[in-house]
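Q: One structure is given below, represented as structure tokens, and several questions about it will come after.
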């Protein structure tokens, strides 16, 4: 009878830690989706309130994910302590590793994107060149990647109203968002 109760307790703990892991994964994915949708400029142009609401899942995830993570770790430790040194379930281990790896990748992408900066203003094109299959303009000592069409329309030593995105981790490289000639 005691063994049966212990087995039921182990199954209950397994299901609980498994649910916590999937809740954690769902919260992180939902937050990541909200962050990516909030970054879309077309949504902001269409309806700014909607654009701001897109960030709500991300803000919720910032607070909820650490709490659920602590709950998951607690339940996992309790499950492993109650289970003892029984044979590990390979399918469960692979699933857990996949979910945790996905969470790490999503958090890494989010951290990288948090260092992005948008710069806009009137710039003079110092230089333009082609490297491999990519086209670049040089503005204030930054290589700004542009499309082939934009590259051929822009003239060197001319001023343009330009907006581009760059990352603080790679400050010398950027991506063009908008460009308009100054008349």
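Q: On average over all directions, what projected area in square nanometres does region 116-181 have, based on the convex hull of its Cα atoms? Show your work: numbers first, answer last.
A: On the way: hull surface 15.8 nm².
Result: a mean projected hull area of 4.0 nm².
Q: Out of all DSSP beta bridges in region 116-181, what portion is antiparallel? Express it as a percent rounded to 5. Walk me through the intermediate numbers first.
A: Values: 27 of 30 bridges.
Restricted to region 116-181, the bridges split so that about 90 percent are antiparallel.
Q: To continue, here is another question. What is the fewest-to-most order of 95, 118, 110 by other Cβ atoms lying within 10 Å of their Cβ?
A: On the way: 95 14, 118 11, 110 17.
Least to most surrounded, the residues fall as 118, 95, 110.
Q: Further, regarding this structure: Counting only DSSP beta bridges with both residues in the chain, tell me the antiparallel percent, nearest 5. Could you put the intermediate results ahead of the total?
A: On the way: 27 of 30 bridges.
Around 90 percent of the beta bridges assigned by DSSP in the chain are antiparallel ones.
Q: Quick one: angle between helix 90-113 and the longest Cα principal axis of the chain, in degrees between 0 and 90, rounded to 10, please.
A: The two axes meet at around 30 degrees.
Q: Also, I was wondering about something else. To the nearest 10 degrees, how steeply does helix 56-83 sit against the main Cα axis of the chain, on a 0 to 90 scale?
A: So the helix axis and the longest Cα principal axis differ by about 30 degrees.
Q: Report, to the nearest 10°, how far helix 2-38 tilts away from the longest principal axis of the Cα atoms in the chain, using its own Cα long axis and a range of 0 to 90°.
A: Long axis of 2-38 versus the principal axis of the chain: about 10 degrees.
Q: Based on the mean of other Cβ atoms within 10 Å per residue, sort peptides 101-109, 131-139 so the most packed one is first.
A: Numbers: 101-109: 13.3, 131-139: 14.9.
Order by mean packing, descending: 131-139, 101-109.
Q: For the chain, what relative contact order do you get, as a whole percent, if you take Cα pairs closer than 8 Å and at least 6 residues apart?
A: Numbers: 228 pairs, mean separation 30.3, N = 183.
Answer for the chain is 17 percent.
Q: So I have [x] 1.56; [y] 1.29; [z] 2.91, and one of them is Cα Rg over 2.2 N^0.38 Å calculated from this model. Which one is it?
A: [x]
Q: Show me, bin by bin at 5 Å from 0, the whole-percent P(r) of region 57-142 based on Cα pairs.
A: Binned Cα distances yield the sequence 3, 9, 11, 15, 11, 9, 8, 8, 7, 6, 5, 4, 3, 1.
Throughout, read-outs are computed from the coordinates displayed, never taken from laboratory work. Worth saying up front: this structure is predicted, and the values here are computed from it rather than measured. Glycine gets a Cβ as well: all are built from the backbone with ideal geometry, and neighbour counts include every protein chain shown.
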